[in-house]
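The values are calculated or read from the model by the stated rules, or taken from the named source; none is laboratory data. Computed from a prediction, not measured in an experiment: that's the story for all the values here. Cβ placement follows ideal geometry from the backbone for every residue including glycine, while neighbour counts extend to all protein chains displayed.
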Amino acid sequence: MFSAQLFLSQLFNGLALGLLLALMSMGLTIVYGTLGVVNFAHGALFVVGGYVGYSVYALGGSFVAAMLAGAIGTFVIGLALERILIRFFYNRPAEDQILVTFGVGIVLIETIRSLYGGISKTISLPSWGQGVTNLGFMLYPTYRIELLAISILILGLVWILLYRTKLGLIVQAGVENMMMVNVLGINVRRVFLFVFGSGAAAAGLAGVLASPILSLAPDMASHILVLSFVVVVIGGIGSFGGAVLGGVAAGEILSLTSMVNPAYTDAMLFAAMALVLIFRPQGLLGTEGRN
Amino acid sequence: MTAGGAIRRWWPELVLFAVLVPAPYLGGFVGIGPDLLGRILIWGLFGLGFSLLFGYAGLLSFGQSAFFGTGGFVCAYLLAEGHVQNTLIALLVGTVAAAAAGLVIGFLTLRRTGIYFAMGTLAFAEMFYFLENSPLKHWTRGENGISGIPSAQISFGMMSFEVASGWQMYAFIAALFYIGFIVARLIAGSPFGAVLTAIRGNPQRASAVGHAIGRYKLAIFVVAAAYGGLAGGLLGIFQSYMPPDAFKLETSAQLVMQTVIGGAGNLLGPLVGAAVWLCLYEILQHTFAVGPYWKLILGIVFVLLVALLRRGLCGVVEDVFVKLADRYKGKRIGETSVGKLGIFAAARSSTGSPVLQARALSKAYAGFQAVAEVDFSLQEGEIHGIIGPNGAGKSTFFKMLAGEINPSSGQILLRGDDITALGATEICQLGMSKGYQINQLFESLSVRESLRIPALARARGKFRFDIFRAAHRIDDVERQVEAALTLVQLHDRQDVLVHELSYGEKRRLEIGLVLATGANILLLDEPLAGMSPEERAHVIKLLRSLRTGRSIVIVEHDMDAMFGLADRITVLCEGRLLDEGSPAHIQKSQAVQEAYLGGAKEHELA
């Protein structure tokens, strides 16, 4: 019924989508792993990043500048949020953290809506991303291949930062025992500030990268948030590998289901999440750890 | 009950009645019509279920839209297609369908707590939205929603009448809201509701004193889903159109925000929150300058409330009233006579056979043997001490006895029955309860309310949906609470909130919780830790007095107290059984002295 060619191309499609999903969810999972806070404003930061990128792109026509602006803009917003609000919630119940970040998300989205209006914006592909490339077994949009490469590059950089640098070591130690790290003379507060900002920046960058494919609208924030949740629930929240595995799994499920019946893609994704919740509630690569 | 007592007990019902009845007349003066009032009541009804779920049981769900939509679409479909004429029947079917959806989603999402629960409910609600939009399009008409819902037709047997839109519709919704409010109040004030607040405060302890908390959570989740379904059904009838937006995350979000603004821990909160939200929306919409920013403004208000006034508007009012009441209230005088603490009747075991027995009990963590092949037996009426240097495996051993962790191998017998891996809740229901080294209390409840939680587990078993009783009016439960209060000498502190107690008082309450379960086998983990000398003397006396009808195992570092109290002592060292015998035997034991004093000997030589 399905040709091997179609299957192969959908498999590849799923991988590209999956790594983008992993990029989307990474900020969420790292902030949770380090600070113990689930950032319900994550989808909103994704949208904010996308719009900042959109403005810069419209201004100068450079997509690379747009990517940088989206990441830096959301990084700064993340820093401000952490200082003004989030840090007061580290010792409050998880429910309060969820409520406050959710409220922040609404404020961010409504600010975007009042600045840019509610109608969606289409972002044209950068000049270096137009057209298709022949992969040998199929023709594939060039931008999607580049996106795949950029996603792998960024995920790789984050992995190195987390597992091969001193800062990463401090972050990991802070997850284990924040007080002990503090006693050892390391300023954990500053590390936490940086981590929250980086999580926001990751969301913002993903927003810029995805904008030529998804087209931007304020209302997409909730869908992005839900997708990120599904990815981290499947992969195991707080785990870097979990975000990647969960992202790729989600991407393949969406892509392969759409080959059979596009109406059921999302339903299949949630069915997969339900199965994980039943048989492995901590997620594929999650540990009981927190919670 | 005196008239004053009735007013004190039923004031929320009275206040609500006094608001709902004149609302159509008063609303006219400020330009609030039946349409706005109807929507406020529908959202308020939706919020009642959420308030029970979040405010009472502490379960923050972001997926209530799934139930609002399910109830709404089932009800709308039945009415619009003409399958059902009687509106009440359609509402009932919609509510039941929503409750059934709640049972499925609750079963899946309640497997995890906190963040996972919030994320899981949100994701499943999104799934319902997609189901409505694609696979079920044939019935739900997808993005168009169901229009043409006929006006409400109510039939009771032969009687039948039509509800016109406008004030008649308001009266219909108000009546249903009032019933929903009374049911929610019954739930909140019932023993079932009391257990929910205990679960919110400290789920581990609520489960350890004998409540099957998983079933309580699922039950309240289904109740909240039913409220959502009823409200959704009403929405469709009210506007004769069922919008697909009902399934969207925005619906859940509005519900969460409204209820938190009004005050989630108070049943008037959802109505106040809905009124504030919808009225502000109307006002801001008509104020041209800020019209487009209404949601931004409400978002900022919400963030500020969460950050500064977490208990919402009703919480603030309640705090003021409590302060005023405290100022004018005299001291409470104890009125109930103190009876004897009830304990589970000990099953007759043949004399001499152990009450509690562990056979070759072991626990290994990845590469570390915490407890290795320990045999242990407790005789009826005995006080049995467990001692050992730090890291000897005492706590792990104790946790296994209490059913808190499963042993890697070995067997635990309670009066001859195997209870290995049965879990703390079941074990507590069999009459064995554990007191903790680090206090595990219900910090936000009063002392009396706290002690009621274990007493309720004893009186009602591990789960019961008994919403037609008042939690504080069950005679044998109150007698049990009084007796426990008296034993741990907290009688004059009974109305104080637990987090306001001194450390010593908290330690006594910790023992009180164990006693109120009615257990006849007590496992006490360092009951004297951190107490002042006078408090120690009191607790030691208490422990001695408790042995009638009970058997007690104590882990304790205070050797003097232990040698004075215990009939037998077991010594653990590096996870193994080192020695066992009478206090006199242990005091003389060479092996024990070496285990404890090995370091001291080297010190003497130096």
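Observations, loosely collected:
- Of the residues making up the range A:136-145, those that are part of a loop (DSSP other than H, G, I, E, B) and out of contact with any Phe, Trp or Tyr (no Cβ under 8 Å at 6 or more places or on another chain) are A:G136, A:F137.
- Test: A:L162 is at pLDDT below 90, part of a helix (DSSP H, G or I), closer than 29 Å to A:L147 by Cα and out of contact with any helix residue (DSSP H, G or I) (no Cβ under 6 Å at 6 or more places or on another chain): no
- For B:F107, the criteria (1) touching a helix residue (DSSP H, G or I) at 6+ places or on another chain (Cβ under 9 Å); (2) more than 14 Å from chain A (Cβ to nearest Cβ); (3) at pLDDT 90 or above hold in every case but one, which is (2).
- Only one of B:A212, B:A206, B:A175 that is on the phi < 0 side of the Ramachandran plot and without any contact (Cβ under 8 Å) to a residue 60 or more places away in the chain: B:A175
- Residue in the range B:54-65 that is facing another protein chain (nearest Cβ under 9 Å) and assigned to a helix (DSSP H, G or I) present: yes
- Test: B:G214 is within 14 Å of another protein chain (Cβ to nearest Cβ), surrounded by fewer than 24 Cβ atoms within 10 Å (Cβ to Cβ) and not in a helix (DSSP H, G or I): no
- So A:L115, is it at pLDDT 85 or above, outside any strand (DSSP E or B), within 14 Å of another protein chain (Cβ to nearest Cβ) and exposed (fewer than 12 other Cβ atoms within 10 Å of the Cβ): yes
- Among residues that are surrounded by fewer than 24 Cβ atoms within 10 Å (Cβ to Cβ) and closer than 24 Å to A:L254 by Cβ, B:F107 is not included.
- Subset of the range B:274-319 [aromatic (F, W, Y), under 15 Å from B:T259 (Cβ atoms) and more than 11 Å from chain A (Cβ to nearest Cβ)]: B:W277
- Residue match in the range A:188-197 (condition: within 19 Å of A:I72 (Cβ to Cβ), of a type in the set (A, V, I, L, M) and in contact with a Ser or Thr (Cβ under 6 Å, 6 or more places away or on another chain)): yes
- Filtering the range B:110-140 to residues that are out of contact with any strand residue (DSSP E or B) (no Cβ under 8 Å at 6 or more places or on another chain) and away from chain A (no Cβ under 13 Å) leaves only B:W139.
- Boolean, B:G530 is exposed (fewer than 15 other Cβ atoms within 10 Å of the Cβ) and modelled with pLDDT under 90: yes
- Within the range B:537-559, the set of residues being surrounded by 15 or more Cβ atoms within 10 Å (Cβ to Cβ) and either under 21 Å from B:S395 (Cβ atoms) or small (G, A, S) (or both) comprises B:V539, B:L543, B:S551, B:I552, B:V553, B:I554, B:V555, B:E556, B:H557, B:D558, B:M559.
- Scanning the range B:219-248 for residues that are crowded, with 22+ Cβ neighbours inside 10 Å and either within 14 Å of chain A (Cβ to nearest Cβ) or not in a helix (DSSP H, G or I) (or both) yields a total of 2.
- Within the range B:388-444, tally of residues that are surrounded by 22 or more Cβ atoms within 10 Å (Cβ to Cβ), part of a strand (DSSP E or B) and at positive phi: 0
- Taking the listed residues A:F137, A:F63, the one that is away from chain B (no Cβ under 13 Å) and crowded, with 22+ Cβ neighbours inside 10 Å is A:F63, with no other qualifying.
- Sole residue being more than 11 Å from chain B (Cβ to nearest Cβ), of a type in the set (G, A, S) and not in a loop (DSSP other than H, G, I, E, B), chosen from A:S124, A:S151: A:S151
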